[in-house]
Amino acid sequence: MAEFKQSHKLHNVLYDIRGPLLEHAQRMEAAGQRILKLNIGNPAPFGFEAPEAILVDMMRHLPKAQGYSDSRGIFSARTAVVQYYQSRGIQNIDVDDVYLGNGVSELITLSLQALLNNGDEILVPAPDYPLWTASVSLAGGTAVHYLCDEDQHWWPDVEDLESKITDRTKGIVLINPNNPTGAVYPEHIVKAIVDLARKHGLIIFSDEIYEKILYDEAVHVNSATITGEDVLCLTFSGLSKAYRIAGYRSGWMAISGPKHEALDYIEGINLLANMRLCANVPAQHAIQTALGGYQSINDLILPGGRLKAQRDLAHKMLNDIPGVSCELSMGALYLFPKLDPEVYPIASDEQFALDLLKQQKILISVGTAFNWVRPDHFRMVTLPNVDDIEDAMVRLAEFLSTYKQ
């Protein structure tokens, strides 16, 4: 019989957030065990519900959402995105520069496939959201990882980034606020990276899906406010996190800067957008209501809000565990703690996470899955309620007190 194997194009494509650890957890659940999942930033299972106004508006538009839309998306939603960015001080985005997608994930893949030839390089942060590295590889490119500095609030090391620019480099990825670290980049960091893009003729790919989830008066800087008219910038955002509708898959990409210098690239983006016909049309109708309405995420991130309380408790309890340190996240839904290698000489973070899962029924994501360079970090989501956070941290401390690999 013929044997059918996966494409060679997938050999360098990894997405371990939904990899073997999750599969093992699913087998444990099938056997009747209860697993506390701290591995994926999916708000709904933790009791975070979408604003009712968004759901009502989507339902009202369902009779008109049965057919395909324009491949870039419905006009009203793209207009709402333009108006939102105008309110942020970005004036060089037009309705035709906005593409709606089945979440940001689809648009990341689309934008890289339209750009990269085999061997082209994209600078991606380490740690990163691994879809970026995977999508670069799938498009035939090479992801070159620049370091973010844990001792400097996980901000990008601009000197390391510049040292990795070559004649094959096409662009720089910024994930701000960052997943997995929760870092929020100050203006001088964003400006320094944009200056490098300007100097070397590179594209900025700015992943800003967590831009509304900020703590302790942190300020998010949209990259497109700095790239201006002379640096091409692709900005990615959407409704999955701040509006708690991850399952509806509603995201967007906006192109700003010297678009006249990228007409051929944009033609490629249009070709791929046409090939997928359009994004989920009912979910597109959520965008105008979401961006124009009451921003309920503020109730969750301010003092007294659930997201802030959960982050604060998890951060404190992690740092109370001997041999564990954790930078305070200023945005997003995650913490990225470090296990002191002098206390926990871990050779394989995958084995560490599997042992934790088997012994304490807690599922985390390993740091190397985010292209971090050493097996001494892991990512946990801060979405569970404070009681579950406290329980998880007590169990983690108990596990670490006797852990030997």
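The values are calculated or read from the model by the stated rules, or taken from the named source; none is laboratory data. Keep in mind it's a predicted model, so treat the numbers as computed, not measured. Methodologically, a virtual Cβ is constructed for each residue, glycine included, from the backbone with ideal geometry; neighbour enumeration extends over all protein chains shown. To get the accessible areas, we keep the full protein, side chains included, count just its heavy atoms, and leave off ligands, DNA and RNA. Shrake-Rupley method; radii C 1.70, N 1.55, O 1.52, S 1.80 Å.
So here's what we get for this one:
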| quantity | calculated |
| --- | --- |
| Kirkwood-based shape ratio for the stretch 152-191, expressed as Rg/Rh from alpha carbons | 0.99 |
| Within the stretch 180-208: backbone nitrogen closer than 19 Å to the Asp230 label point (7 Å, Cα to C-beta) | 188-205 |
| DSSP bridge pairs, the stretch 39-177: antiparallel proportion in percent, nearest 5 | 20 |
| Residue pairs, from the table Lys338/Lys404; Lys212/Lys241; Lys191/Lys308; Lys241/Lys316; Lys37/Lys404; Lys338/Lys358, whose Cα atoms sit over 18 Å apart | Lys191/Lys308; Lys241/Lys316; Lys37/Lys404; Lys338/Lys358 |
| The chain: calculated mean residue ellipticity at 222 nm from DSSP helix runs of at least 4, using -39500 (n - 2.57) | -11000 deg cm²/dmol |
| Area of Met275 that stays accessible when all protein chains are in place (1.4 Å probe, Å², to 10) | 130 |
| Trypsin sites (Lys or Arg not before Pro) restricted to DSSP loop in the stretch 13-75 with at most 13 other C-beta within 10 Å | Arg34 |
| Antiparallel bridge percentage (DSSP; both residues within the chain; nearest 5) | 50 |
| Per residue accessible area of the stretch 100-231, 1.4 Å probe, in Å² | 33 |
| Acute angle (nearest 10 degrees) that the helix 281-292 long axis makes with the longest principal axis of the chain, alpha-carbon atoms | 90 |
| Lys, Arg +1 and Asp, Glu -1 on Cβ, resulting dipole of the chain about Cα centre, debye, nearest 20 | 1200 |
| Average silhouette area of the stretch 256-349, convex hull of alpha-carbon atoms, in square nanometres | 11.9 |
| Simple Cβ-charge dipole of the stretch 282-390, Lys/Arg +1 and Asp/Glu -1, about Cα centre, in debye nearest 20 | 280 |
| Dipole of the stretch 1-64, positive end: most advanced residue of Phe4, Ile54, Gly41 [Cβ charges, Cα centre] | Phe4 |
| Label-point separation, Asp216 to Glu23 (7 Å along Cα→Cβ), nm | 3.9 |
| Nearest 10 degrees, 0 to 90: helix 306-320 Cα axis against the chain principal axis | 40 |
| Mean shadow area of the chain over all directions, Cα convex hull, nm² | 21.5 |
| Extension gain (nm, one decimal) between Glu49 and Asp388, 0.36 nm per residue minus Cα-Cα | 120.2 nm |
| Antiparallel bridge percentage (DSSP; both residues within the stretch 107-252; nearest 5) | 20 |
| For the stretch 136-212: rounded, prolate or oblate by the Cα gyration tensor [a/c cutoff 1.5] | prolate |
| Estimated dipole of the stretch 77-139 in Debye, rounded to 20 [Cβ of Lys and Arg +1, of Asp and Glu -1, Cα centre] | 200 |
| Dipole of the chain, positive direction: furthest Cα of Ala31, Trp252, Ser348, with charges on the beta-carbon | Ala31 |
| Projected-area mean, the stretch 102-247, by convex hull of Cα positions, square nanometres | 8.4 |
| Residue with peak Gaussian network fluctuation, the chain [Cα springs, cutoff 10 Å], from Pro125, Pro43, Pro341 | Pro341 |
| Between helix 386-401 and the chain: long-axis angle, C-alpha atoms, 0 to 90°, nearest 10 | 50 |
| Whole-percent carbon and sulfur share, accessible surface of the chain, 1.4 Å | 51 |
